[in-house]
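FYI, it's all coordinate maths here, none of it is from the lab. Values in this document were obtained by computation on a predicted structure and should not be read as measured data. Heads up, the Cβs are rebuilt from the backbone with ideal geometry, glycines too, and the neighbour counts pull from every protein chain shown.
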Amino acid sequence: MNQLRREHIGKFIQEKGAVTVKEISTLFPDVSLMTIHRDLEKLEEEGVILRTRGGAMSPTAGSSPTEVKLEARMQTNRKAKREMARKALKLIEPGSAVFLDAGTSNMALAQALPDMDVNIFTTGPNIALELGRLTIPTIHMCGGTLNRFNQAVSGQSTLMMLEQINIATAFLGVSGYTDQGGFTCGKEDEMLVKRLMMKKAGKKVILMDSSKCGKILPYTFGNIEDADCIVSDGRLPQEFLNRAEQAGIQIL
């Protein structure tokens, strides 16, 4: 019944574009407002809708297809990403140079970052814009060719810039992980950026929730043994944890 109700709510919001909680409640007079709010939270986590003050809207309302896809990805495992960001913040040393990879996990980290003295280099234009709300950090936007679907820049210009930088801590996102394939991503140019950071950074931090385990994409940029720390949602498979422990890798 809960799933059927949520499907009905999701369809109603997508048809209307934007609705209030009061409008939704008229569809289900026997359901409490608290339950409706929980339904909206679940639908937002699934990327079906976006919650607003007092209601919700369709992700497509007033947005381009690219914005919709990015927003939907941000909502996927949102709680896990926020928890991972909270853990990752402990690894940032004031006054150091930090690299934030493009992607939704690093966006969550950027959103959680306090106003502190740190040099941040990023391949995510949307991440750079998010960090613009802060007044103390120095933000460096890497040049390169933009992949508009995931808001990542890469290419020769990106590599040339990062070759010249001494990065203390690099935070790298993952699209997939298997024991055989290691940490993988879907674009060759982006793999080269990640691989460079795995080579150059003083501390290599992998941001990976459990949903990435068992997925493999074309390009490998490293494996468990190449990382210094793995920040997770606390639900990584035991086999993964055992391999990390044997390699002396810190798990947060």
Original post:
With the radius of gyration and the Kirkwood radius both derived from the Cα set of the range 75-198, what is their ratio Rg to Rh?
Top reply: 0.94
**OP:** Please provide three numbers in whole Å: the alpha-carbon extents of the range 85-157 along the principal axes, with the largest listed first.
**Re:** 30, 20, 20
**OP:** Enumerate the calculated ³J(HN,Hα) couplings along the range 223-228 in order (Karplus 6.51 cos²θ - 1.76 cosθ + 1.60, θ = phi - 60°), each rounded to whole Hz, writing x wherever the residue is Gly or Pro.
**Re:** 9, 3, 5, 7, 8, 9
Original post:
What FRET efficiency do you get for Glu45 and Asp179 if R0 is 35 Å and r is their Cβ-Cβ distance, rounded to the nearest 0.05?
Top reply: 0.75
Original post:
What number, in percent, do you get for the relative contact order of the range 197-252 if the mean sequence gap of Cα pairs under 8 Å and at least 6 apart is divided by its residue count?
Top reply: 39
Original post:
So what are the three principal axis dimensions of the range 209-252 from its Cα atoms, in whole Å, longest to shortest?
Top reply: 27, 21, 16
**OP:** Give the distance, in whole Å, between the Cα centre of the range 134-200 and the Cα centre of the range 221-252.
**Re:** 20
Original post:
What value does the range 171-228 have for Rg/Rh, both radii from Cα atoms and Rh as Kirkwood defines it?
Top reply: 0.92
Subject >> HN-Hα J in Hz across the range 178-185 - Karplus 6.51, -1.76, 1.60, θ = phi - 60°, x for Gly and Pro >> reply: 9, 4, 7, x, x, 7, 10, 9
Original post:
If you look for lysine pairs in the range 165-252 that are eight or more places apart or on different chains, how many of them have Cα atoms under 22 Å apart?
Top reply: 12
**OP:** Work out how much length Glu15 to Gln164 would gain on full extension: take 0.36 nm times their residue separation and subtract the Cα-Cα distance, in nm to one decimal.
**Re:** 48.5 nm
Original post:
How large is the dipole of the range 93-252 about the Cα centre if only Lys and Arg carry +1 and Asp and Glu carry -1, each at its Cβ, rounded to the nearest 20 debye?
Top reply: 260
Original post:
What translational diffusion coefficient, in µm²/s and rounded to a whole number, does the Stokes-Einstein relation yield for the range 115-180 at 37 °C and a viscosity of 0.692 mPa s, taking the hydrodynamic radius as the Kirkwood radius over Cα pairs?
Top reply: 248
Original post:
If we sort 129-136, 179-186, 106-113, 224-231 on the protection proxy, mean other Cβ atoms within 10 Å, highest first, what's the order?
Top reply: 106-113, 224-231, 179-186, 129-136
Subject >> Mean Cβ count within 10 Å, highest first, over the residues of peptides 164-170, 79-85 >> reply: 79-85, 164-170
**OP:** Over every pair of different alpha-carbon atoms in the range 125-231, take the mean of 1/r and invert it; report that Kirkwood radius in Å.
**Re:** 14.5
Subject >> Mean projected area in nm² (Cα convex hull; one quarter of hull surface) for the range 1-63 >> reply: 3.8
Original post:
Scattering from the C-alpha atoms of the chain alone, worked out with Debye: what is log10 I(q)/I(0) at q = 0.12, 0.13 1/Å?
Top reply: -0.75, -0.85
